[in-house]
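Working notes for the structure below.
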Amino acid sequence: MTSTGTTSTGTISTDTISTGIRLHAPAPGWAITADVVVVGSGIAGLTTALRCQAAGLNTVVVTKARLDDGSTRWAQGGIAAALGEGDTPEQHLDDTLVAGVGLCDEDAVRLLVTEGPGAVRRLIDTGAQFDESSEGRLELAREGGHHRRRIAHAGGDATGAEISRALVEAVNEVIEAVNEARTIEAVNDARTSGTRTRGLRAIENALVLDLLTDADGRTAGVTLHVMGEGQHDGVGAVHAPAVVLATGGMGQVFSATTNPSVSTGDGVALALRAGAEVSDLEFVQFHPTVLFLGPEAEGQQPLVSEAVRGEGAHLVDADGTRFMVGQHELAELAPRDIVAKGIMRRMQEQGVEHMYLDARHFGAEMWEHRFPTILAACRAHGIDPVTEPVPVAPAAHYASGGVRTDSRGRTTVPGLYACGEVACTGVHGANRLASNSLLEGLVYAERIAADIAASQAENGLHARVPTPVPYPRRPEHPLLEPEARFAIQRIMSQGAGVLRSAESLAAAAAALDQLHTDARDALDENGKTAEPGVDTWETTNLLCVARVLVAAARLREETRGCHWREDHADRDDTRWRRHIVVRLNPDRALAVRTTDTPDFPPTVPRTPDPARSGGTSTHRPERLPQEQ
């Protein structure tokens, strides 16, 4: 629908597409109200929540497991920022642009690297403790694609765990303080004081299902299912005029990944059903050095951090030959896409399933001090890096694309924001630079919180929570049986993994489309669908993001960054130095278009201005083979 209205970003002309599609689920049996809902509890989600609460907003954090169980705690390498002597944001920008292979939004990157150092210092003020040298300075490391040591780390290789600890502790302290203040207010009768404590609360073990919108297509909150015992169980709703997606990645769409089991693309799928646009989903970064546990290994695999190569480990084949030397000026420290391709080529040449990472020269003391987590993981699987090379192979790691946002985290749906790995800000382009992800989540979380606070203060939205459209009585979107999850993962690993071709992607698209068609036809013809539940909702979300990823990968007929087409081995700037944008239509078909330039078009629609045509895009629908 097309409408003009006042949103959390002010009065603007909008062209909001309301799909009317929601997951099949029981109607909400309970509801609470807030100023903002933050979905996710990694660095992006918890930073946003803390900043929103500090700005006086009633904030609810919803997380799929426990507060400390997101992707952030698995980050080994660290957080990149120009904090060292002689380093500058401009140098960090240059390294990021090189890694992004022509598709980074330079303004977004400049914002990241300029605001990054201050954001890291504020994270330290929040309680995060990074490793320091004997002189008391941050001990900065170097990783692939960086020409300087600018990676702050904690506990050697446990940076994410330390950041998660600090943020969870800060959130719990705020929640405790808010509860205490509310108790005092209840005793003193807040009505006579003229003020009310703005709160922060967490709802754990809750899967967010869909975005609630009002009659004008504006955000009105979320529906969610709370698992297990608690104050709220089953399906409920949080009504709010602002929702922030910080749900992390979608690595579980592949058989082997570094992502935890909760990373099932829920945020991207929710955004698509809500009518939001996603971009660059074909750019999935496969981490080059993941511990190889055998060809049949599935699910989350142990990561061997890039920092190990940053400290001097070598990639070798079974004969001990360093095959990355001569392939790039940085050899093993080349950007991740180049290293992953180098490993895959060598594996193909030799007909083997993995390569080796050799760091025996580190010695036991360095392994135990600098990389204790990796050492323990390797030894748990019968490998001792102190005395033998570590078998490694690429595995799905990070989604460079996601829900399209602007510099304030705003998506194309009024009131819906996205931050962290679920978002596509333009920072990463075609390939993420190592350790930029934690920084992106941190910087953009602060910007989102500032925007929500400013816009709600301006528009007085504390008092106006939009009224959601009534919940549907019959299933609108088919659910898949839980066992389809493994079928999706096998299809994606075989057809849309590190190596892709027209043939492999067509086969993947056909197989995914059959799963979608079978479920849709069963629903449309006789109203049948799988029983609602966490497993079926997750599997349905995985199919949604898999279809979008494959559609974009089929369209991009070139090799760029972490998108490698065997049948189009060269980079094609003339045709493909632009972004692929996908939206879900109300009939559940995918609408795909490309931008005219590498610049991101605005997410907040506005009346076209002929004098400002450089960054906008032309809506050129591309018909996908499976839709013809």
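3J(HN,Hα) couplings calculated from phi for the range 546-563 with the Karplus curve 6.51 cos²θ - 1.76 cosθ + 1.60 (θ = phi - 60°) are, in sequence order, 5, 4, 5, 4, 5, 4, 5, 5, 5, 6, 7, 8, 6, 10, 8, x, 8, 9 Hz; Gly and Pro show x. Across the range 268-384, the relative contact order, built from alpha-carbon pairs under 8 Å that are at least six residues apart, equals 26 percent.
A cut-off of 5 Å between modelled amide H atoms, ignoring neighbours fewer than 5 places along the same chain, links residue 402 with 279, 281, 424.
Would you please name the GluC sites (Glu not before Pro) within the range 272-326 that are DSSP coil residues with at most 12 other C-beta atoms within 10 Å of their C-beta? When the GluC sites (Glu not before Pro) of the range 272-326 are filtered for loop state and at most 12 Cβ neighbours within 10 Å, 296 remain. Listed values for the range 355-372 are Karplus-derived 3J(HN,Hα) couplings in whole Hz (6.51 cos²θ - 1.76 cosθ + 1.60, θ = phi - 60°), namely 10, 10, 10, 10, 10, 5, 5, 4, x, 4, 5, 5, 4, 6, 7, 8, 10, x, and x replaces Gly and Pro. The trypsin sites (Lys or Arg not before Pro) of the range 343-386 include none that DSSP puts in a loop with a beta carbon having at most 13 other beta carbons within 10 Å. Value of Rg to Rh for the chain, rounded to two decimals, is 0.95; Kirkwood radius and Rg both from alpha-carbon coordinates.
For the chain, what is the percent of antiparallel DSSP beta bridges, rounded to the nearest 5? Don't skip to the answer; put the middle values down first.
Values: 49 of 73 bridges.
Around 65 percent of the beta bridges assigned by DSSP in the chain are antiparallel ones.
A viscosity of 1.567 mPa s and a temperature of 4 °C, combined with the Kirkwood radius over C-alpha pairs in the Stokes-Einstein formula, give the range 23-143 a diffusion coefficient of 75 µm²/s. Given their separation in residues at 0.36 nm each and the Cα-Cα distance between them, residue 126 and residue 27 gain 31.7 nm when the chain is fully extended.
For residue 38, the residues 5 or more places off, or on other chains, whose built amide H falls under 5 Å of its own are 60, 61, 62, 244.
When the Kirkwood radius is taken over all Cα pairs of the range 402-441, what Stokes-Einstein diffusion coefficient follows at 4 °C and 1.567 mPa s, in µm²/s? Walk me through the numbers before you get to the answer.
Numbers: Rh = 10.3 Å.
The Stokes-Einstein estimate is 126 µm²/s.
Within the full protein context, the accessible area of residue 338 is estimated at about 50 Å² for a probe radius of 1.4 Å.
Dimensions of the range 194-277 along the principal axes, based on C-alpha atoms and rounded to the nearest Å, stand at 55, 34, 23, largest first. Averaging sequence separations of C-alpha pairs under 8 Å and six or more residues apart, then dividing by the length of the chain, give the relative contact order as a whole percent. Normalised by residue count, the contact order of the chain is 21 percent. The share of Cα pairs per 5 Å bin across the range 478-566, counted from zero up to the longest distance, runs 3, 16, 24, 21, 15, 11, 7, 3, 1 percent.
The values are calculated or read from the model by the stated rules, or taken from the named source; none is laboratory data. Remember, it's a predicted structure, so these values are computed and weren't measured experimentally. In this analysis, Cβ positions are derived from the backbone assuming ideal geometry, glycine residues included, and neighbour counts consider all displayed protein chains. Each accessible area value is taken on the protein alone, full model and side chains, heavy atoms only, with ligands, DNA and RNA left out. Shrake-Rupley method; radii C 1.70, N 1.55, O 1.52, S 1.80 Å.
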